[in-house]
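Taking it in order: structure first as structure tokens, then the write-up.
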Amino acid sequence: MNKNSYGSRIEKKLRTVLDRGGKGLVAYITAGDPNLDATVELAVAMDEAGADVLELGVPFSDPVADGPAIQAASQRALAGGVKVQGIIKAVERIRRHSDIPLVLMTYYNPVYQYGVEQFAADVARAGGDGLILPDLPPEESGALLQATDRHGVDLIPLVTPNTPERRLPLICQRAGGFIYCVSVTGVTGERASIATDFSAMTNGVRRHSDLPVAVGFGIARPGQAAGVARHCDAVVVGSALVNIIAQHAGAPEMVKSVCLRVRDIKNALTGPEVSDVAAV
């Protein structure tokens, strides 16, 4: 069981970051891209570089939330023979070297095919802390929610700019770890600018939950992350890191290049750009 009286490992880590005056960084990579050995090496190194939570994408052939960068990463991983069982073993290997909270992001079909109860049990046994399933609405999450509760795994919900206010109580009531606010109406991927009213979005969520609020989709650069962080507790960065992995796949500088971006973004989240709101 990963939860205790202070909340799960995910929530506890993000609250620790906030208490120290910073904002959290949730870093995403696709498991198995370019291979699972590299995923383990990247995870441990990204923890040391400043990532507060690591989101591992489980490659799936029919994603609904992934943009071109992550779709391509998933296809590379699937072509390399990556399976769910192998990813769970990779989580176990990461956990031997790092205490970073680990979240698996996938879709309901792989979980259903694996077996809902067995999936939650194996993720927990390996040292995983949370799950994100963008295609599973709260009304349909009962079986998985019961399984994750039994095994102490957070089920992290998504809120989009189109989510009606009336649905927020149901979404937040069933949440664990943090609430994931999607910054745009669309798929993942780097954006030059994001026009969403983050303040209205995150304040709406805070009216229904005390959990940390993270914003993701489209965030790629340190200054961009700092600007978004003024309105939330953590930012999620994915496609920018996946693109770096793609550019350097198999090369000795891959891990160093990814960690350099992680460190730069984390520094922006602990700097004066967001310090005036970090203690709120």
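What the table below lists for this structure:
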| quantity | calculated |
| --- | --- |
| Rounded if a/c under 1.5, otherwise prolate or oblate - region 101-158, Cα gyration tensor axes | rounded |
| Relative contact order of region 196-267, defined on C-alpha pairs under 8 angstrom at six or more residues apart (%) | 29 |
| For the chain: Kirkwood Rh in Å [reciprocal of mean 1/r, alpha carbons] | 18.4 |
| Those residues of region 215-258 whose amide nitrogen sits under 19 Å from the label point placed on LEU78, 7 Å along Cα→Cβ | 239, 242-243, 246 |
| Lysines whose Cα lies under 17 Å from that of LYS256, excluding same-chain neighbours fewer than 8 positions away | LYS266 |
| Amide H contacts under 5 Å for VAL82, placed H, 5+ residues apart | none |
| The chain, helix-only ellipticity at 222 nm - DSSP H runs n ≥ 4, -39,500 (n - 2.57), divided by all residues, nearest 500 | -14000 deg cm²/dmol |
| Amide H partners (placed H, <5 Å) of CYS181, local residues excluded | VAL159, ALA214, VAL215, GLY216 |
| Cα Rg, Dmax (largest Cα-Cα span) when computed across region 6-96, Å | 14.3, 43 |
| Debye intensity ratio in log₁₀ form over the Cα atoms of region 1-156, taken at each q of 0.09, 0.12, 0.17, 0.19 Å⁻¹ | -0.26, -0.48, -0.99, -1.23 |
| Sequence-distant aspartates and glutamates (8 or more away, or on other chains) whose Cα lies within less than 17 Å of LYS23 | GLU11, ASP47, GLU48, ASP52, GLU55, ASP210, ASP233, ASP264, GLU273, ASP276 |
| Computed over the chain: relative contact order in percent, which uses C-alpha pairs under 8 Å that are six or more apart | 24 |
| Vicinal HN-Hα couplings computed from phi for region 97-103 (Karplus, 6.51 cos²θ - 1.76 cosθ + 1.60; Hz; Gly/Pro x) | 10, 8, 9, 4, x, 10, 10 |
| Total charge dipole magnitude, the chain, about the Cα centre, Cβ charges on Lys, Arg, Asp, Glu only, Debye to nearest 20 | 320 |
| Karplus (6.51, -1.76, 1.60) ³J(HN,Hα), θ = phi - 60°, over region 255-265, in Hz, Gly and Pro reported as x | 4, 4, 5, 5, 5, 4, 5, 4, 5, 5, 5 |
| Relative contact order, percent, region 20-108 [alpha-carbon distance under 8 Å, six or more residues apart] | 40 |
| Extension gain, GLN85 back to LYS256 (0.36 nm per residue minus Cα-Cα distance, nm) | 58.8 nm |
| Most mobile listed residue (ALA126, ALA251, ALA72) in the chain, GNM with C-alpha springs under 10 Å | ALA251 |
| Packing-based order for 113-125, 129-141, 50-62, using average beta carbon neighbours within 10 Å, highest first | 50-62, 129-141, 113-125 |
| Residue among GLN173, PHE119, GLY142 farthest towards the positive dipole end of the chain, charges placed on Cβ | GLN173 |
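Here, each number is a calculation from the coordinates, and none is a lab measurement. Just so it is clear, the model here is predicted, and its values are computed rather than measured. Positions of Cβ are generated from backbone atoms using ideal geometry, with glycine treated the same way; all protein chains shown enter the neighbour counts.
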